[in-house]
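The values are calculated or read from the model by the stated rules, or taken from the named source; none is laboratory data. All values reported here derive from a predicted model rather than from experimental measurement. All Cβ positions, even for glycine, are placed from backbone atoms using ideal geometry, and neighbour counts span all protein chains on display.
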Amino acid sequence: MSRIIAFMACAIASALTVACSIDPSDERPGLGLSGEVYQQAIEDWSFTSDADEIFIETVTSYWIPHSVTAWCVTVGNELYVAADDADKKSWVANVARDPNVRLKIGDEVYEQKLVPVTDAATIASIDSGFARKYEYEEEEEADDDMTVGYWRVVERD
């Protein structure tokens, strides 16, 4: 009986989430992202250079969509996203559990996957890209108490 109740609760929550897509705004998180899903593979993400912020939708451990506002940068043709205080962000924990995400850039939604970046040389390039795009000194962002995480956007399997 409890499985039936749990299933019904999840079904109702999912239906409400779909019916109530709410995009995030600044520091306020949202639910499911609204917009048309872009169906083609992306070879060159440089079109995101003009986007100051994008939205990232993950799925919580309760199967409810959770979306946040994030900064992004392209290095070469690749798209990267970052999180300050990454070890404290719920969306980062969601990505660790399920790397499949939805990104909203402009009016389009892209179903992608986030892969953590750990290579020091790549991280240095990403740091430089963020500093150029968002016009800050790289040293300004250095904080020993802050864990910064970086992810590369790739196609889903």
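Only one residue in 43, 53 is within 16 Å of the chain's Cα centre (by Cα) and of a type outside the set (A, V, I, L, M, F, W, C). Which one?
Step by step, each of 43, 53 is checked, and only 53 is within 16 Å of the chain's Cα centre (by Cα) and of a type outside the set (A, V, I, L, M, F, W, C).
Could you grab me the full set of residues in the stretch 38-53 that are more than 11 Å from residue 74 (Cα to Cα) and surrounded by 12 or more Cβ atoms within 10 Å (Cβ to Cβ)?
Passing the criteria: 38, 42, 53.
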Just need a number here: residues in the stretch 90-121 that are out of contact with any strand residue (DSSP E or B) (no Cβ under 8 Å at 6 or more places or on another chain) and touching a residue at least 40 places away in the same chain (Cβ under 8 Å). 1
Quick one: is residue 9 aliphatic (A, V, I, L, M), at pLDDT 95 or above and surrounded by 11 or more Cβ atoms within 10 Å (Cβ to Cβ)? no
Could you check the stretch 110-140 and list, in sequence order, the residues that are assigned to a helix (DSSP H, G or I), more than 18 Å from residue 47 (Cβ to Cβ) and charged (D, E, K, R)? 127, 138, 139, 140
